[in-house]
Amino acid sequence: MNTAGIAATLEEQLLAQGRLAGDEPIVEQLVDAMVAGLVPAVRQAAFELAEQAAAEIGAQLSTGSIDVVL
């Protein structure tokens, strides 16, 4: 699972939505700061979802295992 690509797409979309608020420099700064704080949280959440999915699939396998790698 490519969580980096998902996070990058989300970041682009959030920045684009923020730009719709206008050309005010303060708005752009606030959007940039908000997105900078959200992206690491989204990456962590995506990793946790991947871990949970791997655990659920692994529990259904009779042999073998699934590893989640950063």
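Some values worked out for this structure:
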| item | result |
| --- | --- |
| Local electrostatic count at LEU14 - Lys and Arg +1, Asp and Glu -1, tallied over other residues with Cβ under 13 Å | -3 |
| For ARG43, solvent-accessible area (1.4 Å; no DNA, RNA or ligand), Å² | 110 |
| Backbone HN-Hα couplings from phi across region 24-38 [Karplus 6.51/-1.76/1.60, Hz, Gly and Pro as x] | 6, x, 5, 5, 4, 5, 5, 5, 4, 5, 5, 5, 4, x, 7 |
| Share of alpha-carbon pairs per 10 Å distance bin for the chain, given as whole % | 19, 35, 22, 14, 7, 2 |
| Accessible area, probe 1.4 Å, largest first, for residues THR9, THR63, THR3 | THR63, THR9, THR3 |
| Simple label model, 7 Å out from Cα along Cβ direction - GLN17 to PHE47, nm | 2.4 |
| Formal net charge of residues neighbouring GLU56 (Cβ-Cβ distance under 15 Å; K, R +1; D, E -1) | -3 |
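The values are calculated or read from the model by the stated rules, or taken from the named source; none is laboratory data. Bear in mind the structure is a predicted one, so any value in this text is a computation, not a measurement. Counting neighbours? That spans all protein chains shown, and the Cβs are built from the backbone with ideal geometry, glycine included. Accessible surface is based on the protein model in full, side chains and every heavy atom, while ligands, DNA and RNA are left aside. Shrake-Rupley method; radii C 1.70, N 1.55, O 1.52, S 1.80 Å.
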